[in-house]
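Presented below is the structure to which this report refers.
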Amino acid sequence: MSAVARFRSVVVDCPDPRALARFYAQVVGGTPEQEDDDPDWVVLRVPGGPRLAFQRSPGHTPPEWPRADRNAQQFHLDFDAGSTWDEIDAAEERVLALGARVLDKEDDVKKDFRVYADPAGHPFCLCRIESG
């Protein structure tokens, strides 16, 4: 079956698009670009990946993780942070220094991922991907 369209971007609502784009640029690389001098829209072209776009949402309320009844998570991003726990620990140290906070590290060895919130409150995971 032929595709209807090509995947272009994941767009994230947030209170400060420039700040959140800078956070993710430090996590995955790339340089945030403000299109048409619009402070409400910033694009991060991820090297080897899809675009992440950030748009201002003045009334943004971060999701309450892991709630399912109200104000629940609507999406999350998964990042391959390495194949060893030493690599995951190093990645965790860096994202925490950038302003992330831990949401869930319980049973991380069993699950092979840890859950964090970015500075705007969106959940993301650092995943241990076994090479092989």
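Below, the figures for the structure above:
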quantity	calculated
Gyration tensor verdict on the range 5-71 (Cα atoms; rounded if a/c is under 1.5, prolate if a/b is larger than b/c, oblate otherwise)	prolate
Residue-normalised accessible area of the chain, given per residue in Å² at a 1.4 Å probe	62 Å²
Whole-number percent relative contact order across the range 1-91, with pairs defined as alpha carbons under 8 Å at least 6 apart	25 percent
Segments 38-45, 120-127 sorted - mean Cβ within 10 Å per residue, highest first	120-127, 38-45
In degrees, nearest ten, helix 85-97 long axis to first principal axis of the chain (Cα)	40 degrees
P(r), alpha carbons of the chain - 10 Å bins starting at zero, rounded %	12, 39, 34, 13, 1
Qualifying GluC sites (Glu not before Pro) for the range 37-132 [loop in DSSP, other Cβ within 10 Å: at most 14]	GLU64, GLU106, GLU130
Solvent-accessible area, 1.4 Å probe, carbon plus sulfur percent, for the range 1-127	49 percent
The range 84-132 shape via C-alpha gyration tensor axes, a/c threshold 1.5	prolate
Tilt relative to the chain, helix 17-28 - C-alpha long axis, 0 to 90 degrees, to 10	40 degrees
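The values are calculated or read from the model by the stated rules, or taken from the named source; none is laboratory data. A quick note: this is a predicted structure, and the numbers were derived from the prediction, not measured. Cβ sites come from the backbone with ideal geometry, for glycine too, and all protein chains shown count toward neighbours. Please note that ligands, DNA and RNA were not included when accessible areas were found on the heavy atoms of the full protein model with its side chains. Shrake-Rupley method; radii C 1.70, N 1.55, O 1.52, S 1.80 Å.
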